[in-house]
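Comments concern the structure below.
The values are calculated or read from the model by the stated rules, or taken from the named source; none is laboratory data. Remember, predicted model here, so these are calculated numbers, not experimental data. Quick reminder, even Gly has a Cβ in these numbers, built from the backbone with ideal geometry, and neighbours come from all protein chains shown.
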Amino acid sequence: MSSNDATTLTTLANGVRVIVLALPGAGSASVSVFVRTGSAHEGAKLNGISHVVEHMAFKGTRTRDCQRINLDAERLGAEVNAHTDKDHTAFHMRGLAGDAPAFVRQLGDIVRDSTFPDDELERERRVILHEIADDEDDPLTLAFQAFDRECFGAHPAGLPVIGKRANIERFTRDDLLGYVQRQYSGANVVVGVAGEVDAAAVLDAAEEAFGGLPQGEVNALAAPPWIGGIATRRLTGSSQTHVVIGWPIASLVDDDPAAIVAAAVLGEGMSSPLLDRIRERKGLAYYTHCSADVLGLWGQFVVEASVAPEHLDEFCTEVLALMRELAGGVGAVDLERARNQLAVRALRSAEQPYRRVEEACLDLLFLDRVRPREQSLQRLLGVSGERIAETFAAMLARPVAAALAGSLPRQALRHAEARLRG
């Protein structure tokens, strides 16, 4: 057990780590359970099972049915939620700080003792199939799914989190139970709590709720190699072209903030080069966005937009030109803007218990430590313009990954593909 005035970190005998982040004056608390398993751990035959498990975890346990799970939380005024990502699954409750130990126990019941009733599975199967149908009707979602495949090829990191329709139709209760038995073990679980809470009471609740998990082995995952390539998909009835372009960047394990600052330099705010040139000066898109998506073992620098087909080639031309310009040097004003925007974002995040828990849990899962927030912010703000320029140059030296979906006239597509391939 280790602690300071703000943080208490304890490892249970079975490897479960419990972190309590003291937030004096916070009347609410966030409690999350992060499990090191997601779609990148599945492979093609199991693709989507982590997401199904996440849905089904709330549909009944050994002692509570679905209705009781919801009522127990809502009687305390709490919100319950969950999400699945490529490298983790997480379950959350938010409510009054004094109820944090109860949230830990309730989440423990959901994570450890879900029974996945057959009748509930059939109902939830239909819900997830509707969710897949919604994705299939969304050109930008289809573009992102194709983009991931171009980034990582056959590696499971290239598979969609939501899963394949055929798998969702096929999974049985035994499949879910077997997956949880293999993946949900003490070595892969972090319990995080943030708020003005009683740390000792939280730890007692965590021991009660999670102390019986088998320790197991770490769910090891090989970092995916970057492949690169261009995927296209014509969609009948679409009047726009949806574009996703990206390059590889450092992962959370690499702990290199340069790409995060680079994304802010290129595309944070209306005065950024991306928004100013693409939208304000040239009118090529209403929506365009840039992000540095940093996961445990890989990262993606992503530029996305929805454009008129006749503007596709010019959009790609301008994005690549901006990348090359920034590889040649970053102006002092752009660097100042990006740093201050990131500082404000970090301060706002520090005021949100849920964000504090998420950051700490992911640090523990992938770095085996929790980075001090002030130190992380100073490292972020200390990234130099020269380092950012080097980051853009390094990205441009790697194969681009891109996906284009929607309206794709042949000539516009041919020009855009040639532009992206260089």
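If you go through region 253-278, how many residues are within 18 Å of the chain's Cα centre (by Cα) and either surrounded by fewer than 19 Cβ atoms within 10 Å (Cβ to Cβ) or basic (K, R) (or both)? Summing the residues that are within 18 Å of the chain's Cα centre (by Cα) and either surrounded by fewer than 19 Cβ atoms within 10 Å (Cβ to Cβ) or basic (K, R) (or both) in region 253-278 gives 4.
The lone criterion from (1) under 15 Å from A394 (Cβ atoms); (2) out of contact with any Lys or Arg (no Cβ under 7 Å at 6 or more places or on another chain); (3) of a type outside the set (V, I, T) left unmet by L335 is number (1). Residues that are free of Cβ contacts under 8 Å to residues at least 40 places away in the same chain and more than 22 Å from E374 (Cα to Cα) within region 2-57 comprise T11, E54, listed in sequence order.
Taking region 293-313 as the range and being surrounded by fewer than 17 Cβ atoms within 10 Å (Cβ to Cβ) and part of a helix (DSSP H, G or I) as the test, only E310 passes.
Here S32 qualifies as under 20 Å from Q106 (Cβ atoms) and among the hydroxyl-bearing types (S, T, Y).
How many residues does region 380-390 hold that are surrounded by 15 or more Cβ atoms within 10 Å (Cβ to Cβ) and either within 22 Å of the chain's Cα centre (by Cα) or assigned to a loop (DSSP other than H, G, I, E, B) (or both)?
First pass over region 380-390, keeping only residues surrounded by 15 or more Cβ atoms within 10 Å (Cβ to Cβ): 380-381, 383, 385, 387-389.
In the following step, the residues that additionally are either within 22 Å of the chain's Cα centre (by Cα) or assigned to a loop (DSSP other than H, G, I, E, B) (or both) were identified as 380, 383.
Adding up the residues that qualify gives 2.
Only one entry of L322, L404, L342 meets the criterion of being touching a helix residue (DSSP H, G or I) at 6+ places or on another chain (Cβ under 7 Å), in contact (Cβ under 8 Å) with a residue 40 or more places away in the chain, closer than 28 Å to E280 by Cα and in a strand (DSSP E or B), and that entry is L404. Just one of the numbered conditions (1) within 19 Å of the chain's Cα centre (by Cα); (2) modelled with pLDDT under 95 is not true of Q300: (2).
Could you please let me know if V197 is in a loop (DSSP other than H, G, I, E, B), under 30 Å from G27 (Cα atoms) and among the hydrophobic types (A, V, I, L, M, F, W, C)?
Yes.
Of the residues making up region 133-145, just one is within 15 Å of L408 (Cα to Cα) and small (G, A, S), namely A143.
Yes/no matrix, rows are residues, columns are (1) crowded, with 19+ Cβ neighbours inside 10 Å; (2) basic (K, R); (3) part of a helix (DSSP H, G or I):
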{"site": "A146", "(1), (2), (3)": "yes, no, yes"}
{"site": "G163", "(1), (2), (3)": "yes, no, no"}
{"site": "G192", "(1), (2), (3)": "yes, no, no"}
{"site": "A201", "(1), (2), (3)": "no, no, yes"}
{"site": "Q215", "(1), (2), (3)": "no, no, no"}
{"site": "A220", "(1), (2), (3)": "no, no, no"}
{"site": "A223", "(1), (2), (3)": "no, no, no"}
{"site": "I227", "(1), (2), (3)": "no, no, no"}
{"site": "T236", "(1), (2), (3)": "no, no, no"}
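Among the numbered criteria (1) among the small types (G, A, S); (2) closer than 18 Å to A26 by Cβ; (3) modelled with pLDDT under 95, which one does S376 miss? It fails just one condition, (2). Test Q300 against the stated conditions and say whether it is touching a strand residue (DSSP E or B) at 6+ places or on another chain (Cβ under 9 Å) and either in contact (Cβ under 8 Å) with a residue 60 or more places away in the chain or closer than 20 Å to F144 by Cβ (or both). So Q300 fits the description; yes.
Could you tell me whether region 117-128 includes any residue that is under 30 Å from T7 (Cβ atoms) and outside the structural domain of L365 (by TED's automatic domain parsing)? No, there is no match, as no residue in region 117-128 is under 30 Å from T7 (Cβ atoms) and outside the structural domain of L365 (by TED's automatic domain parsing).
Does L274 meet the test of being modelled with pLDDT of 95 or more, in a helix (DSSP H, G or I) and within 18 Å of L342 (Cβ to Cβ)? So L274 fits the description; yes. Screening A100, A40 for residues that are modelled with pLDDT of 95 or more, in contact with a Pro (Cβ under 8 Å, 6 or more places away or on another chain), in a helix (DSSP H, G or I) and buried (at least 24 other Cβ atoms within 10 Å of the Cβ) leaves exactly one candidate, A40.
Could we say that A154 is in a loop (DSSP other than H, G, I, E, B), more than 29 Å from N14 (Cβ to Cβ) and free of Cβ contacts under 8 Å to residues at least 60 places away in the same chain here?
The answer is yes for A154.
The residues of region 51-87 that are closer than 13 Å to E120 by Cβ and not in a helix (DSSP H, G or I), listed by number, are A57, F58, K59, G60, T61, R64, D65. Take G178 and decide whether it is over 30 Å from F301 (Cβ atoms) and either surrounded by 17 or more Cβ atoms within 10 Å (Cβ to Cβ) or free of Cβ contacts under 8 Å to residues at least 40 places away in the same chain (or both). Judged against the criteria, G178 is a match. Annotation note: of L129, L142, L107, the sole residue that is closer than 30 Å to H242 by Cα and either aromatic (F, W, Y) or buried (at least 21 other Cβ atoms within 10 Å of the Cβ) (or both) is L142.
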